[in-house]
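So the structure is just underneath, and the comments pick up after that.
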């Protein structure tokens, strides 16, 4: 399963349209981890799973989504309701409760990826307003390629170029 994960676009609909157009047919799924600031019925979400972030005020957006794609279960939430600023423990517990191999979240605007007890925890960073060590990149998203056991994660910048130092491989 190959998926694109993006988060915290904060009203920048154009970047989402560009990503959908560029990766249509090249990935199995698109995930938006919240703070899109768009409505649930925006056509951009016809092909993209989305959750509600703390800056999304459309109550029809779900707080969490669990989706199985090509045999891989993905759990996604924005992160503010599970305290990702303090710890990833609650996120991991929720993902494991859903039997997810991949847990995607946003909220912090800081990219990061780590594996715990067989579950990959991934924050794609903010595509529009990055923070932290990789702010200089100017916005990121991630492509995850996995069979549910091993994971390859590549981060990309807003111009859709891979960031060489942000390529990761996780064995089971």
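Between residue 17 and residue 87, what FRET efficiency comes out of the Förster formula 1/(1 + (r/R0)^6) with R0 = 35 Å and r the beta carbon distance, rounded to 0.05? Working from the Cβ atoms, E equals 0.50. The distance between label points at residue 165 and residue 115 comes to 2.3 nm (points 7 Å beyond Cα on the Cα→Cβ vector).
Springs between Cα atoms under 10 Å define the GNM used for the chain, and in it the highest mean-square fluctuation of 49, 161, 29 occurs at 161. Can you give the FRET efficiency for residue 39 and residue 135, using 1/(1 + (r/R0)^6), R0 = 30 Å, r = Cβ-Cβ distance, to the nearest 0.05? The formula returns an efficiency of 0.55 here. Taking label points 7 Å from Cα along the Cα-to-Cβ direction, residue 57 and residue 149 give a separation of 4.9 nm. Taking other C-beta atoms within 10 Å as the exposure proxy, 128, 7, 167, 159 rank 159, 167, 128, 7 from fewest upward. Which residue fluctuates the most in the chain, going by a Gaussian network model with Cα springs under 10 Å, if the choices are 133, 114, 37? It is 133.
Values quoted throughout were computed directly from the atomic coordinates according to the rules given, and no laboratory measurement underlies them. Treat the numbers as computed from the prediction; the structure is a model and nothing was measured. Positions of Cβ are generated from backbone atoms using ideal geometry, with glycine treated the same way; all protein chains shown enter the neighbour counts.
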